[in-house]
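Peer 1: Okay, handing you the structure first.
The values are calculated or read from the model by the stated rules, or taken from the named source; none is laboratory data. All values reported here derive from a predicted model rather than from experimental measurement. Quick reminder, even Gly has a Cβ in these numbers, built from the backbone with ideal geometry, and neighbours come from all protein chains shown. Accessible surface areas use protein heavy atoms only, side chains included; no ligands, DNA or RNA. Shrake-Rupley method; radii C 1.70, N 1.55, O 1.52, S 1.80 Å.
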Amino acid sequence: MKPADPTKPLGFATRAIHHDHDPSQHEGALVPPIYLTSTFAFESTEQGMRRFAGENPGYIYSRVGNPTVALLESRLAELEGGTAALCTASGMGAITSAIYSLVQAGDEIIADQTLYGCTFGFFHHGLARLGVTVKTLDMTRTEAVATAIGPNTRLLYCESPANPNMRLIDLAAMADLGRSHGIPLMVDNTYCTPYLQRPLEHGATYVVHSATKYLSGHGDLLAGAVIGPEEDIQRMRFFGIKEMTGAVLSPFDAFLVLRGLKTLALRMDRHCASATTLAHYLAAHPAVARVTYPGLPEFPQYDLARRQMSQAGGMIALELKGGFTAGRAFMDALRLCTRAVSLGDAETLVQHPASMTHSTYSPEEQEAHGISPGLVRLSVGLEEVADLRADLEQALAKSGASA
Ligand code: 4LM
């Protein structure tokens, strides 16, 4: 991949399609080949020994490295603006492999109060059993985080926008605070992808992803990634994944994510445009009590959204007048939008976080962590927006929530 003008960096979509693949190195294959192999032959015992010792750069075994997975890692690091990446079998594989490599018993993590349910479960039910304390607090309050930082704090962790309620965290403020105490910030960038937001540019040290979502984009696999400094990624690879989780991404799934990345920019533009149209429509509907979408001027952190994200994304949180009962009737009445968890697919997905993705939180925890019982989450897909709007309209009419 050679830029026409070597002084001008190539654009996002160009790098998402071409970065680090040279067909001439692969028999001219335009599409990167899939190396479906668990192990790699050594030319000699000496070579194998040197590979294990880290003195020879070749491949050993696909749990620690595979050429198809390596291309995806290189591409994701490039798109996030990082130096290195590790791909994993799922988003939870990325979060667990990364964090096991960074903390040990006695350490503490400070995390935002609203997180994807299984991340919350890992922090509070998993890490807590291993002697790692996770303090959750409202990271929109920078002073509260500053006060909470103690001698054992090893990591700051957040999502922005947070799943499911769309609260944003000021990433630059959080990264600055962490840096002043020598503590890295890890950001889950699943909702945005690097096309909309690049946390490393705001000072974060690590980015994690569920590549199951927008990055792959077609709902046909699970995958994850962590992007960060080379040395830390090496530790996550040779300790976190190799010895702790074994959450290895299959080369075939890496190929599918690489294929998805080629249309990431196109897809995100469409997700964002349709979500903006639907958010405006919903906000003006008499049956709707609240729409939380970073692209609406009434979004409480609208200025931060404009500073930190290039577009507002494809996720909408909404509550109907009539709360959970109306929300359930609305969900059941939908015909085109699919009742399913996950997000970032071509299909529009709708789910109820309190009883589904965030049921790892107790009702009391949900209340304390800003997950309202009436919240309905919409992942706006790639269908014709007029069809989606018509589906929402007929379902709202049946929700019993009209004012
Ligand atoms: C969901 N989410 O919300 P894997 N980080 C974020 C996520 O939303 C998720 C993961 C990590 C949903 C799954 C059912 C912000 C997942 C975990 O599912 O392990 O690839 O990602 O609907």
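Peer 1: Within the stretch 163-179, restricting attention to residues that are outside any helix (DSSP H, G or I) and in contact (Cβ under 8 Å) with a residue 60 or more places away in the chain, which residue is nearest to the ligand (Cβ to nearest atom)?
Peer 2: Within the stretch 163-179, the match that is nearest to the ligand (Cβ to nearest atom) is Asn163.
Peer 1: What about Asn189, is it more than 21 Å from Leu102 (Cβ to Cβ) and within 16 Å of the ligand (Cβ to nearest atom)?
Peer 2: On the way: more than 21 Å from Leu102 (Cβ to Cβ): no; within 16 Å of the ligand (Cβ to nearest atom): yes.
In short, no.
Peer 1: Among the residues of the stretch 250-291, which ones are of a type in the set (Gly, Ala, Ser) and open to solvent by 40 Å² or more (accessible area, probe 1.4 Å)? Give the steps one after another, and end with the answer.
Peer 2: Step one: filter the stretch 250-291 for residues of a type in the set (Gly, Ala, Ser), giving 250, 254, 260, 265, 273-275, 279, 283-284, 287, 289.
Matches in the stretch 250-291: Ser250, Ala273, Ala283, Ala284, Ala289.
Peer 1: Let me ask something additional. Can you work out which of the residues in the stretch 7-30 that are open to solvent by 40 Å² or more (accessible area, probe 1.4 Å) and in contact (Cβ under 8 Å) with a residue 40 or more places away in the chain is farthest from Tyr214 (Cα to Cα)?
Peer 2: Step by step, filter the stretch 7-30, then rank; the result is Asp20.
Peer 1: Just need a number here: residues in the stretch 1-54 that are assigned to a loop (DSSP other than H, G, I, E, B) and charged (D, E, K, R). Even if it seems obvious, please write down each step before you answer.
Peer 2: First pass over the stretch 1-54, keeping only residues assigned to a loop (DSSP other than H, G, I, E, B): 1-11, 19-22, 26-38, 40-44, 53-54.
Then keep just the ones that are charged (D, E, K, R); that gives 2, 5, 8, 20, 22, 27, 43.
Of the residues in that region, 7 qualify.
Peer 1: Out of Gly224, Gly219, I need the residue that is touching a residue at least 40 places away in the same chain (Cβ under 8 Å), within 13 Å of the ligand (Cβ to nearest atom) and open to solvent by 40 Å² or more (accessible area, probe 1.4 Å). Which one? I'd like the intermediate steps shown before the answer.
Peer 2: Details: Gly224 fails: open to solvent by 40 Å² or more (accessible area, probe 1.4 Å).
The match here is Gly219.
Peer 1: Open to solvent by less than 10 Å² (accessible area, probe 1.4 Å), away from the ligand (no atom under 15 Å from the Cβ) and within 23 Å of Thr245 (Cα to Cα): which single residue out of Ile60, Ile110, Ile95 fits that description?
Peer 2: Details: Ile60 fails: open to solvent by less than 10 Å² (accessible area, probe 1.4 Å); Ile95 fails: away from the ligand (no atom under 15 Å from the Cβ).
Going through Ile60, Ile110, Ile95 in turn, just one is open to solvent by less than 10 Å² (accessible area, probe 1.4 Å), away from the ligand (no atom under 15 Å from the Cβ) and within 23 Å of Thr245 (Cα to Cα): Ile110.
Peer 1: Restricting to the stretch 366-393, what's the tally of residues that are hydroxyl-bearing (Ser, Thr, Tyr) and within 11 Å of the ligand (Cβ to nearest atom)?
Peer 2: Within the stretch 366-393, the first condition is being hydroxyl-bearing (Ser, Thr, Tyr), and the residues that meet it are 372, 379.
Now narrow it down to the ones that are within 11 Å of the ligand (Cβ to nearest atom): 379.
Residues flagged as hydroxyl-bearing (Ser, Thr, Tyr) and within 11 Å of the ligand (Cβ to nearest atom) within the stretch 366-393 amount to 1.
Peer 1: Can you confirm whether Val341 is within 16 Å of the ligand (Cβ to nearest atom), in contact with a strand residue (DSSP E or B) (Cβ under 8 Å, 6 or more places away or on another chain) and either open to solvent by 50 Å² or more (accessible area, probe 1.4 Å) or farther than 26 Å from Gly117 by Cα (or both)?
Peer 2: Details: within 16 Å of the ligand (Cβ to nearest atom): yes; in contact with a strand residue (DSSP E or B) (Cβ under 8 Å, 6 or more places away or on another chain): yes; either open to solvent by 50 Å² or more (accessible area, probe 1.4 Å) or farther than 26 Å from Gly117 by Cα (or both): yes.
Yes: the conditions hold for Val341.
Peer 1: I've got another one for you. Looking only at residues that are open to solvent by 20 Å² or more (accessible area, probe 1.4 Å) and farther than 29 Å from Leu264 by Cα in the stretch 355-365, which one is farthest from the ligand (Cβ to nearest atom)?
Peer 2: The qualifying residue farthest from the ligand (Cβ to nearest atom) is Glu364.
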